[in-house]
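Only one structure is covered here, and it is reproduced in the block below.
The values are calculated or read from the model by the stated rules, or taken from the named source; none is laboratory data. This structure is a prediction, so every number in the text was calculated from the model and none was measured. Neighbour counts run over all protein chains shown; Cβ positions are idealised from the backbone, glycine included.
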Amino acid sequence: MMLLRYTVGVFLLTLLAFKANAHPIKMTTSKLLYDKKANELILTINFFEDDFSAQLEKLYHRKNIDFAVVDDTEGSMVAGYVAKKMLLKANKKPLTLQLSSIKRIEENVVQVKLILWLPKTKIKSLEISDALLFDAFAEQVNIMHVELPGTTSNVQQFISSDSYKVLKVNF
């Protein structure tokens, strides 16, 4: 009987410790900057590592994705996932995302950096839709800071309960 109480007690303490480490916020933050010299957009996305790796593991049937050292397969999974969930168009034509880097920037935060080359013609509009991790969490919120020529710094919020919206920016 004493062993049973001890086992149940250890189990409950372990469960509470797990719960204490879980974060209640389901969010990504992104920044979209224009590099005039290179005529490209630089997209930087910050994910909570545990949320992002769990979703990639589920979608790609992999175990133990760890962003401490990213291999080519993990890089392809990240680039593929972001390309499916974050769509950008210039003058109504889709832009191709190219993965630049993936790194852990602090405990439980992974930063993904992508480059988007722009057409040589003048950009009249830019459409952005951000559905990152909407397929994982009903309460997911994505915040994007947009800094483009001819606009003031702009913050957009994408909420999973509203599906996603398209932001049109003229410059």
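Summary table below
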quantity	calculated
Hits in the range 105-150 - residues which are aliphatic (A, V, I, L, M), in contact with a strand residue (DSSP E or B) (Cβ under 6 Å, 6 or more places away or on another chain) and in a loop (DSSP other than H, G, I, E, B)	Leu118, Ile123, Leu132, Leu148
Odd one out for Val69, checked against (1) in contact (Cβ under 8 Å) with a residue 40 or more places away in the chain; (2) assigned to a loop (DSSP other than H, G, I, E, B); (3) of a type outside the set (Asp, Glu)	(1)
Selected residue (criterion: modelled with the lowest pLDDT) from residues of the range 84-104 that are part of a loop (DSSP other than H, G, I, E, B) and polar (S, T, N, Q)	Asn91
Selected residue (only one of Asp130, Asp51, Asp135 is closer than 21 Å to Leu148 by Cβ and either of a type in the set (A, V, I, L, M) or touching a residue at least 24 places away in the same chain (Cβ under 8 Å) (or both))	Asp130
Residues that are under 22 Å from Asp50 (Cβ atoms) and either hydrophobic (A, V, I, L, M, F, W, C) or at pLDDT 95 or above (or both), drawn from the range 105-125	Ile105, Val109, Val110, Gln111, Val112, Lys113, Leu114
Pairs where the first residue, in the range 74-103, is within 13 Å of Pro119 (Cα to Cα) and the second is of a type in the set (Asp, Glu), C-beta under 6 Å, 6+ apart	Lys89/Glu127
Filtered residues of the range 92-107 (kept if exposed (fewer than 15 other Cβ atoms within 10 Å of the Cβ) and of a type in the set (D, E, K, R))	Lys92, Lys93, Lys103, Glu106, Glu107
Selection within the range 108-123 - touching a residue at least 12 places away in the same chain (Cβ under 8 Å) and either surrounded by fewer than 12 Cβ atoms within 10 Å (Cβ to Cβ) or in contact with a helix residue (DSSP H, G or I) (Cβ under 7 Å, 6 or more places away or on another chain) (or both)	Asn108, Val109, Val110, Val112, Leu114, Pro119, Lys120, Thr121
